[in-house]
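Have a look at the structure below, then the notes.
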């Protein structure tokens, strides 16, 4: 009997909003499907933008991933929908979810992934998280095996990273010791802007140059692709954004299978 490969669960997180978490989640999911992986994209951010990015329009009455935190009888499986992209499924957000409501069980998502047998259905799970430090973010961190931290190279986003790392340290040393940092990802980056170079230099100095990934450059087509309901590899395959995400997907696929990688 063939040995079951490890299910990698990547949480995309930054305490600062506007850092590109959803853009990274959607496009990285598409890149992994292009590499032959069966991918589940879970949207814990109640803005619900992951659905927009993959062209899914949940219907009224459809189960959403946030129902898992409101109803003890709800399942994650009920919320999973196919997308038009081969090998990509989505558990969409409930845009009406109140972040102050619901169960306080920080293991709810992790337990659902395990008990519902999702390891056999998917090769990779990507979780988009809200910027707020609440039960939803902690559920993502508790369920994950890796965390990818996108940041815009300016001071406020850098502070968001520092705040998140303080939370991560507690989670990684106390609650989820299997969680590792996959990397810090500059987004909307422009090498000709001095502040961008300075902040990324500070990131390299504080967290290690080998943990700072090649940047996703600023590209208006990434925003346009959400309006079109398509990941960038399908919307504008020859754009800078498509090139950067293709390289990111390949680099992270290699890192996930490299035991010597710092993540």
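Evaluate segment 70-81: report whether one residue or more is under 24 Å from residue 242 (Cβ atoms) and crowded, with 20+ Cβ neighbours inside 10 Å. Show your work before the answer.
Initially, segment 70-81 is screened for residues under 24 Å from residue 242 (Cβ atoms), giving none.
No, segment 70-81 contains no residue that is under 24 Å from residue 242 (Cβ atoms) and crowded, with 20+ Cβ neighbours inside 10 Å.
Would you call residue 142 crowded, with 17+ Cβ neighbours inside 10 Å and closer than 30 Å to residue 113 by Cα?
On the way: crowded, with 17+ Cβ neighbours inside 10 Å: yes; closer than 30 Å to residue 113 by Cα: yes.
In short, yes.
May I ask you to say which residue of 156, 137, 124, 118 is touching a residue at least 40 places away in the same chain (Cβ under 8 Å), more than 17 Å from residue 6 (Cβ to Cβ) and in contact with a helix residue (DSSP H, G or I) (Cβ under 9 Å, 6 or more places away or on another chain)? Reasoning before the result, please.
Details: 156 fails: in contact with a helix residue (DSSP H, G or I) (Cβ under 9 Å, 6 or more places away or on another chain); 124 fails: more than 17 Å from residue 6 (Cβ to Cβ); 118 fails: more than 17 Å from residue 6 (Cβ to Cβ).
Result of the check over 156, 137, 124, 118: 137.
In the list 21, 37, which residue meets the criterion of being surrounded by fewer than 20 Cβ atoms within 10 Å (Cβ to Cβ) and in contact with a strand residue (DSSP E or B) (Cβ under 7 Å, 6 or more places away or on another chain)?
Going through 21, 37 in turn, just one is surrounded by fewer than 20 Cβ atoms within 10 Å (Cβ to Cβ) and in contact with a strand residue (DSSP E or B) (Cβ under 7 Å, 6 or more places away or on another chain): 37.
Would you point out the residue of segment 202-217, among those that are more than 14 Å from residue 159 (Cα to Cα) and over 21 Å from the mean Cα position of the chain (by Cα), that is modelled with the lowest pLDDT? Before the answer, list the steps.
Within segment 202-217, the subset more than 14 Å from residue 159 (Cα to Cα) is 204-205, 208-217.
Keeping just the survivors that are over 21 Å from the mean Cα position of the chain (by Cα) gives 204-205, 208-209.
Working: 204: 82, 205: 72, 208: 84, 209: 85.
Checked segment 202-217; the qualifying residue modelled with the lowest pLDDT is 205.
Being modelled with pLDDT of 95 or more, surrounded by 23 or more Cβ atoms within 10 Å (Cβ to Cβ), on the phi < 0 side of the Ramachandran plot and in a loop (DSSP other than H, G, I, E, B) is true for just one of 30, 93. Which residue is that?
Working: 30 fails: in a loop (DSSP other than H, G, I, E, B).
Result of the check over 30, 93: 93.
Looking only at segment 35-81, how many residues end up being in contact (Cβ under 8 Å) with a residue 24 or more places away in the chain, farther than 30 Å from residue 251 by Cβ and part of a loop (DSSP other than H, G, I, E, B)? Before the answer, list the steps.
Keep residues of segment 35-81 that are in contact (Cβ under 8 Å) with a residue 24 or more places away in the chain, which gives 35-56, 58, 62, 64-70, 72, 75-77, 80-81.
Right, trim to farther than 30 Å from residue 251 by Cβ and you get 46, 58, 62, 64, 66-70, 72, 75, 77.
The next check asks that each one be part of a loop (DSSP other than H, G, I, E, B); those that pass are 46, 58, 62, 64, 70, 72, 75.
Number satisfying all stated conditions: 7.
Can we say residue 141 is touching a strand residue (DSSP E or B) at 6+ places or on another chain (Cβ under 7 Å), at pLDDT 95 or above, outside any loop (DSSP other than H, G, I, E, B) and within 21 Å of residue 21 (Cβ to Cβ)? Reasoning before the result, please.
Numbers: touching a strand residue (DSSP E or B) at 6+ places or on another chain (Cβ under 7 Å): yes; at pLDDT 95 or above: yes; outside any loop (DSSP other than H, G, I, E, B): yes; within 21 Å of residue 21 (Cβ to Cβ): yes.
Yes: the conditions hold for residue 141.
Does residue 104 satisfy the condition of being buried (at least 20 other Cβ atoms within 10 Å of the Cβ) and farther than 21 Å from residue 51 by Cα? Steps first, answer last, please.
Numbers: buried (at least 20 other Cβ atoms within 10 Å of the Cβ): no; farther than 21 Å from residue 51 by Cα: yes.
When the stated conditions are applied, residue 104 does not pass them.
The values are calculated or read from the model by the stated rules, or taken from the named source; none is laboratory data. Please read all numbers here as calculations on a predicted model, not as lab measurements. Every residue, glycine among them, receives a Cβ derived from its backbone with ideal geometry; neighbour counts consider all protein chains shown.
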